[in-house]
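See below for the structure under consideration.
Every number here is computed from the coordinates shown, using simple stated rules; none is lab data. Just so we're clear, the structure is a prediction, and the values are computed from it rather than from any experiment. Virtual Cβ from ideal backbone geometry, glycine too; neighbours counted across all protein chains shown.
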Amino acid sequence: MSVSEKLNNKSLGLGSKKSAIREIFEYSKLRKEEIGAENVFDFSLGNPSVSPPKEVAEKIIELVSADNQAQLQGYTSAQGDISARNAIGTHLTSLSKGETQITGDNIYFTCGAAASLCISLKAILWENQKDEVIIVAPYFTEYTVFIESMGGRPVVVQSMKDTFKIDINAIANAITKNTKAVMINYPNNPSGVTITSRELAELSEMLILKSAEFGQIIYLISDEPYREINFTNEKSPLVFDYYKNSILCYSYSKSLSLAGARIGYIAISPKAKVSKDLYLAICGSGRSLGYVCAPSLFQRVVADLSGLTVDINIYKENAALIYKTLTSYGFELITPQGAFYILIKAEANTAQEFCNIAKQFEILLVPTDDFGVHGYVRLAYCKTRQEIINSFSAFKRLSEFLF
């Protein structure tokens, strides 16, 4: 390759190496063509299996049937339509314990949670300044890509062994003068574990003390695409009620099954020390990355349907059925508390080896190595009930082979 033909090596490397999840998903499509879709049990990709609520289609029809199509389909403000942003702010305020008032001036619409995270990281990280972002394993596989691409350095902290609950002491021990943010994701992808109000309060108290110790703001970035898919008796707590210097990244991909619509938002705590400047930095980051004016139609759709979700009980029942059945076969699983993933202990030398064995029975699972932990595989149970039931005979044969 000549000098004039050279490309960005990091981008070339990322494009050349697909994620493990995507590779399995592509293999699944080929395998289904060969032996029939009914004979392949693909639990790799977290693609919602529950249709959006009927109100979504009704709202889209209502909007596209109106006379103001030029305005509806045209550009909004870079950060999103103000009336839509105000609606999101009102909804978030309703989730608060009464201590936080959120307005449209705290909201930035994005193309999903991935864009939200990249914009937020770009806003707070200084390139070439050794800024660190602590992430808790297991973590969403793209976190390291996002952090490094925005000029930061990911610092991985393990969650508690066996339970995968957040280890606040481990996070505290990892904080240095270079720590710019801690990123959390609950309910968690891939473990399905949630965070309680008490745990979030303890984490916040620790971050306040560490911020004072180092004389700097340590941001808490809460990645919440699965916020509503919570099977516990306690609703997911609103991070703003616990920690002032917090940023909430959200997507409607899971709560409304709008993964392909690519719509989400960033919410800035109005109580952050430099809240107004932080929001301006978010706007500037969106501008520099070209992440401006998220799909205008869907801004208005989600704004008018704030608080609506798909039937979460479908996922809850799927999780319970899989847990009960697979544990009866001898597999060891982490108790699912939310999201739509469950971890199975790899009954082999490595998680990859376990996945290779399962593949012989046409069961497609994801090893957790790329999620920052070893010895487990992820099963995405966002499947139809019949698909799950049909897979049990294959899991039974797999258990007989292993045990």
Report summary line: Note, region 233-242: 3J(HN,Hα) by Karplus (6.51, -1.76, 1.60, θ = phi - 60°), whole Hz, Gly/Pro = x, goes 6, 9, 5, 4, x, 7, 4, 4, 6, 10
Report task. For Q158, list long-range residues whose amide hydrogen, built 1.01 Å from N in the peptide plane, is under 5 Å from its own amide hydrogen. Result -> A137
Report task. Would you mind checking region 72-93 for residues with the amide N under 13 Å from a putative spin-label position 7 Å along Cα→C-beta of L297? Result -> 72-74
Query raised in the report: In whole angstrom, how far apart do the alpha carbon centroids of region 387-403 and region 60-86 sit?
Result: 49 Å
Query - Antiparallel bridge percentage (DSSP; both residues within the chain; nearest 5) - result: 45 percent
Query - Label zone at E234 (point 7 Å along Cα-to-Cβ), backbone N below 19 Å, region 320-354 - result: 335-339
Report summary line: Final fewest-first order of E34, E132, E62, E362 on the 10 Å Cβ neighbour count is E34, E62, E362, E132
Report task. Please quote Rg/Rh for region 67-304 to two decimal places, taking the Kirkwood radius as Rh and restricting both calculations to Cα atoms. Result -> 0.95
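Summing Lys, Arg as +1 and Asp, Glu as -1, what charge do residues with Cβ under 10 Å from the Cβ of K59 carry, K59 excluded?
Value of the local net charge: -2.
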Report task. Quick one: which residues, 5 or more positions from A181 or on another chain, have an amide H under 5 Å from its amide H? H modelled 1.01 Å from N in the peptide plane, none for Pro or chain starts. Result -> E132, I134, Y219
Requested in this report: For each of L305, L297, count neighbouring Cβ atoms within 10 Å of the residue's Cβ, then give the residues from fewest to most.
Outcome: L297, L305
Report summary line: Two pseudo-spin positions, 7 Å from Cα along C-beta at K345 and at S83, lie apart in nanometres by 5.6 nm
Query - Reach of K180 by Cα under 19 Å, taken over lysines that are not fewer than 8 positions away in the same chain - result: K122, K130, K210, K244, K271, K273, K276
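Which trypsin sites (Lys or Arg not before Pro) in region 1-97 sit in a loop by DSSP (not H, G, I, E or B) and have at most 13 other Cβ atoms within 10 Å of their own Cβ?
Filter output for region 1-97: K6, K17, K18, K97.
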Query raised in the report: In the Gaussian network model of the chain, springs joining C-alpha atoms below 10 Å, which of L12, L258, L333 carries the largest mean-square fluctuation?
Result: L12
Query - Under the Karplus curve 6.51 cos²θ - 1.76 cosθ + 1.60, θ = phi - 60°, whole-Hz ³J(HN,Hα) for region 369-380, x wherever Gly or Pro sits - result: 4, 6, 8, x, 9, 10, x, 9, 10, 9, 10, 8
Query raised in the report: Given springs between every Cα pair under 10 Å in a Gaussian network model of the chain, which of L63, L278, L238 has the largest fluctuation?
Result: L63
Query raised in the report: Could you put L343, L398 in order, starting from the residue whose Cβ has the fewest other Cβ atoms within 10 Å?
Result: L398, L343
Report summary line: The set of residues whose placed amide H lies less than 5 Å from the amide H of S269, leaving out same-chain residues fewer than 5 positions away, is S246, L248
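Multiply the residue gap between A201 and T90 by 0.36 nm, knock off their C-alpha separation, and tell me the result in nm, one decimal place.
Working: separation 111, 0.36 × 111 = 39.96 nm, distance 2.34 nm.
The span from A201 to T90 would gain 37.6 nm if fully extended.
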Report task. Please state, rounded to one decimal and in Å, the Kirkwood hydrodynamic radius that the chain gives when every pair of distinct Cα atoms enters the mean of 1/r. Result -> 22.2 Å
Query - Links that overshoot a 22 Å alpha carbon limit, given the list K10/K32; K345/K396; K17/K345; K235/K324 - result: K10/K32; K17/K345; K235/K324
Query raised in the report: Highest GNM mean-square fluctuation, the chain, Cα pairs closer than 10 Å: which of G13, G112, G89?
Result: G13
Query raised in the report: Do any GluC sites (Glu not before Pro) in region 205-254 lie in a loop, going by DSSP, with at most 12 other beta-carbon atoms within 10 Å of their beta carbon, and if so which?
Result: E234
